[in-house]
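Participant: Supplied in structure tokens, the structure appears directly below.
The values are calculated or read from the model by the stated rules, or taken from the named source; none is laboratory data. Just so it is clear, the structure is predicted and the values come from calculations on it, not from any experiment. Quick reminder, even Gly has a Cβ in these numbers, built from the backbone with ideal geometry, and neighbours come from all protein chains shown. To get the accessible areas, we keep the full protein, side chains included, count just its heavy atoms, and leave off ligands, DNA and RNA. Shrake-Rupley method; radii C 1.70, N 1.55, O 1.52, S 1.80 Å.
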Amino acid sequence: MIKLFKVKEKQRELAENANGKTPIKKQSAGELRLHKDISELNLPKSCTISFHNGKDDLMNFEVTIRPDEGYYQGGTFLFSFNVSPIYPHEAPKVKCKTKVYHPNIDLEGNVCLNILREDWKPVLNINTVIYGLFHLFTEPNSEDPLNHDAAAVLRDNAKLFQSNVRRAMAGGYVGQTLFPRCL
Amino acid sequence: MAETVVQPSRSRDLDKLLLRPGNIIGANFDPGLELREDLAKYAKVLVVGAGGLGCELLKDLALSGFHNLEVIDMDRIEVTNLNRQFLFRFEDVGKPKAEVAAKRVMERVSGVNIKPHFCRIEDKDIDFYSDFSIIVLGLDSIEARSYINSVACSFLEYGSDDKPREETVKPLVDGGTEGFKGHARVIVPGLTPCFECTIWLFPPQVKFPLCTLAETPRTAAHCIEYAHLIKWDEVHSGKAFDPDEPEHMKWVYNEAVKRAELFGIPGVTYSLTQGVVKNIIPAIASTNAVISAACALETLKITSGCSKTLSNYLTYNGAEGLHTKVTEFVRDKDCLVCGPGVLVELETSVTLQKFIDLLEKHPDLLLSKASVTHQGNNLYMQAPPVLEEMTRSNLSIPLFDLMGKTVRSTLHVTGTTSKNDKKTSALRKLRIVFKGVDGVTDMDMAGAA
Ligand SMILES: [Zn+2]
């Protein structure tokens, strides 16, 4: 290839400042795949998505979930998504921005959802993840606890769990913890 | 004895490769003194990374007859680097790796010029990368490899025959090591698989379930990840954890030790903490040396043509005895990064709406309900409604204008194709050429689909 470089280098020397217009064109494979995921989103009515950096930044977005059944009916929960340039080789990073009394979501917003960590596969997509999150609200499970106390209550006393959830969502205390109103 | 006198070069061995003809040479190999001099004068090599592999690469390339080297690395030297990153001394701790590495090699190898760049690879614009004959990677992250790969592939242009245009090919040589294992590969965009074609070669990082970390830790790594992923947020609400900040790392280590004591789990150490958090496997100097040697040799082969090149992926395993193997991986013909894409020729007056309609009838695409993205600009999105609304006004604008009036460009479309009444979704790369604009030759038109 050296001949080619030599030719190029000589051309460059000649055309120095002749304004080589190198178009800027880099879009990571992750961004392209995400473009596909986003353009094919088919969300349940209770989920909405928003792009706070405008239409050209799909890598960071927020999803709002308003469960229409179950313990969390009527609440509004905000999740932030951060997608890596090597998506879908790596799962999106998801955090719950609404402080919630939930067995599978801790008070810092970490979410225990298997497809976000140990069970992530590149064939999964953003739609699957959003459905997974939605599912956490219709069927919280005490098997995979991140909020230990909430999980124990759900397991032992569903009635008490229900009233704790309502109290938290209304903007009250559960134990020592104050939750913001999200109804 | 009337033989032409060959000037002795610094390296006799190099001359044996560059000055004599052979049987397993590459295309257009033209042995002789001029070749040796041209390599020194015209070949510009970028080394990405000045760590364990990068130090070896700079030394090896400098001693292989390359005179114009540049190196880019954003890290500063740490004490723990000194055992294998042999260009660095104790008094260098805290200084930028790229700068010290460049200086040390220049001190030792006369005639070599190495320009250091102490910054992130994303900080350089595309013209910076365009300047090099070849780019050699000594990196430890998938993200960085993927980034450089996409940059190198972005220079690639295809002719109307769907063959890559030689003058747009930017070769990469990629080295990587993990403990006793390593790989060296040659990426010639358009000819051999690019990084994205074979990204599945990299095993996904092991991620423990968060609830296991929170409830039932069983290993030292569980305790460390608990401190890193859960406890950190609990205590430092809002403050991001920075793995390059020693204070942060020490905090995680201390918390992990407490956690491990609580559950009676042995084995939490500071170096394991660094390893788990940064996903680092201890580096072995000899592995770096072996892999770097292979990479430097491939760089020499590609640039000089003195031998056929590695085709195309060498793995090395020194864990039990020694095992090396070369595998010829194949390209993903639909690769979005290095593939040719489907050629579509358009009039400059075609609006985005008209273009989307055309895709439905294009025999090679038959793509309906297309969403269109052009180099990070989302021109039209079919869903979700919020994006559809934001991009709808583009539909009536000529595509030529939306694409910045570039005559030849790449864009990507997502939509639905139907084959035998079965609908599947597809993401396709398109090569757009606008007709009737200056700079489009008849030859380009010859392959019109
Ligand atoms: Zn590829």
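Participant: Do you know which of the residues in the range B:318-330 that are open to solvent by 70 Å² or more (accessible area, probe 1.4 Å) and at pLDDT below 95 is nearest to the ligand (Cβ to nearest atom)? It would help to see each step written out before you state the result.
Facilitator: We begin by selecting, within the range B:318-330, every residue open to solvent by 70 Å² or more (accessible area, probe 1.4 Å); these are B:320, B:322-326, B:328, B:330.
If we keep only those that are at pLDDT below 95 too, we end up with B:320, B:322.
Details: B:E320: 33, B:L322: 31 Å.
Going through the qualifying residues, I end up with B:L322.
Participant: Residues being part of a helix (DSSP H, G or I) and among the small types (G, A, S): count how many of those fall in the range A:142-183.
Facilitator: Matching residues across the range A:142-183 total 6.
Participant: Mind listing whichever residues of the range B:201-212 are within 9 Å of chain A (Cβ to nearest Cβ) and away from the ligand (no atom under 16 Å from the Cβ)? Before you say what the answer is, go through the steps one by one.
Facilitator: Let us first name the residues in the range B:201-212 that are within 9 Å of chain A (Cβ to nearest Cβ), namely B:202, B:204-212.
Within the range B:201-212, B:P204, B:Q205, B:V206, B:K207, B:F208, B:P209, B:L210, B:C211, B:T212 meet the criteria.
Participant: Quick check, is A:I126 at pLDDT 95 or above and touching an Asp or Glu at 6+ places or on another chain (Cβ under 6 Å)? Lay out the reasoning, then the answer.
Facilitator: Numbers: at pLDDT 95 or above: yes; touching an Asp or Glu at 6+ places or on another chain (Cβ under 6 Å): yes.
Yes; evaluated as a whole, the condition is true for this residue.
Participant: Here is a follow-up. Does at least one position in the range B:337-354 carry a residue that is in contact (Cβ under 8 Å) with a residue 24 or more places away in the chain, part of a loop (DSSP other than H, G, I, E, B), away from the ligand (no atom under 16 Å from the Cβ) and touching a helix residue (DSSP H, G or I) at 6+ places or on another chain (Cβ under 6 Å)?
Facilitator: yes
Participant: Could you list all residues from the range B:232-261 that are within 14 Å of another protein chain (Cβ to nearest Cβ) and either out of contact with any helix residue (DSSP H, G or I) (no Cβ under 7 Å at 6 or more places or on another chain) or at pLDDT below 90 (or both)?
Facilitator: Selection gives B:D233, B:E234, B:V235, B:H236, B:S237, B:G238, B:K239, B:A240.
Participant: Let me ask something else. Out of A:N53, A:N82, A:N60, A:N42, I need the residue that is open to solvent by 20 Å² or more (accessible area, probe 1.4 Å) and over 30 Å from B:F195 (Cβ atoms). Which one?
Facilitator: Details: A:N53 fails: over 30 Å from B:F195 (Cβ atoms); A:N82 fails: over 30 Å from B:F195 (Cβ atoms); A:N60 fails: over 30 Å from B:F195 (Cβ atoms).
It is A:N42.
Participant: In the list B:L69, B:L63, B:L58, which residue meets the criterion of being in contact (Cβ under 8 Å) with a residue 24 or more places away in the chain and either within 24 Å of B:P243 (Cα to Cα) or open to solvent by 30 Å² or more (accessible area, probe 1.4 Å) (or both)?
Facilitator: Values: B:L69 fails: either within 24 Å of B:P243 (Cα to Cα) or open to solvent by 30 Å² or more (accessible area, probe 1.4 Å) (or both); B:L58 fails: either within 24 Å of B:P243 (Cα to Cα) or open to solvent by 30 Å² or more (accessible area, probe 1.4 Å) (or both).
Residue meeting the stated conditions: B:L63.
Participant: If you don't mind, another one. Restricting to the range A:134-154, name every residue that is charged (D, E, K, R) and more than 14 Å from chain B (Cβ to nearest Cβ). Show your work before the answer.
Facilitator: Here is the first cut: in the range A:134-154, the residues charged (D, E, K, R) are A:139, A:143-144, A:149.
Selection gives A:E139 alone.
Participant: If we scan the range B:259-273, do we find a residue that is aliphatic (A, V, I, L, M) and open to solvent by 50 Å² or more (accessible area, probe 1.4 Å)? Spell out how you get there, then give the answer.
Facilitator: Just the residues of the range B:259-273 that are aliphatic (A, V, I, L, M), to begin with: B:260, B:262, B:265, B:268, B:272.
Those left that are additionally open to solvent by 50 Å² or more (accessible area, probe 1.4 Å): B:262, B:272.
Taking every residue of the range B:259-273 in turn, at least one turns out to be aliphatic (A, V, I, L, M) and open to solvent by 50 Å² or more (accessible area, probe 1.4 Å).
For (1) at pLDDT 95 or above; (2) at negative phi, each residue gets a yes or a no:
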| position | (1), (2) |
| --- | --- |
| A:K45 | no, yes |
| A:I49 | yes, yes |
| A:G54 | no, no |
| A:Y72 | yes, yes |
| A:T76 | yes, yes |
| A:H89 | no, yes |
| A:K99 | yes, yes |
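Participant: Within the range B:111-120, can one find any residue that is within 16 Å of the chain's Cα centre (by Cα), open to solvent by 10 Å² or more (accessible area, probe 1.4 Å) and within 14 Å of another protein chain (Cβ to nearest Cβ)?
Facilitator: Checked against the condition, which is being within 16 Å of the chain's Cα centre (by Cα), open to solvent by 10 Å² or more (accessible area, probe 1.4 Å) and within 14 Å of another protein chain (Cβ to nearest Cβ), the range B:111-120 yields at least one hit.
Participant: Being within 11 Å of another protein chain (Cβ to nearest Cβ), in contact (Cβ under 8 Å) with a residue 60 or more places away in the chain and away from the ligand (no atom under 13 Å from the Cβ) is the filter here; which residues of the range B:149-200 pass it?
Facilitator: The answer is B:E157, B:P171.
Participant: Since B:I142 meets every condition but one in (1) under 20 Å from A:M1 (Cα atoms); (2) within 16 Å of the ligand (Cβ to nearest atom), which condition does it not meet?
Facilitator: Unmet for B:I142, out of (1) under 20 Å from A:M1 (Cα atoms); (2) within 16 Å of the ligand (Cβ to nearest atom): (1).
Participant: B:V188 is checked against (1) in contact with a Cys (Cβ under 8 Å, 6 or more places away or on another chain); (2) within 30 Å of B:C55 (Cα to Cα); (3) buried (at least 22 other Cβ atoms within 10 Å of the Cβ); (4) among the aliphatic types (A, V, I, L, M) and fails just one. What number does that condition carry?
Facilitator: If we test B:V188 against (1) in contact with a Cys (Cβ under 8 Å, 6 or more places away or on another chain); (2) within 30 Å of B:C55 (Cα to Cα); (3) buried (at least 22 other Cβ atoms within 10 Å of the Cβ); (4) among the aliphatic types (A, V, I, L, M), just (1) comes out false.
Participant: Given the options B:Y313, B:Y270, B:Y253, name the one that is within 16 Å of the ligand (Cβ to nearest atom) and either hydroxyl-bearing (S, T, Y) or touching a His at 6+ places or on another chain (Cβ under 6 Å) (or both).
Facilitator: B:Y313
Participant: Now, a different point. Tally time: how many residues in the range A:88-124 are within 10 Å of chain B (Cβ to nearest Cβ) and over 21 Å from B:V235 (Cβ atoms)?
Facilitator: Final tally of qualifying residues: 15.
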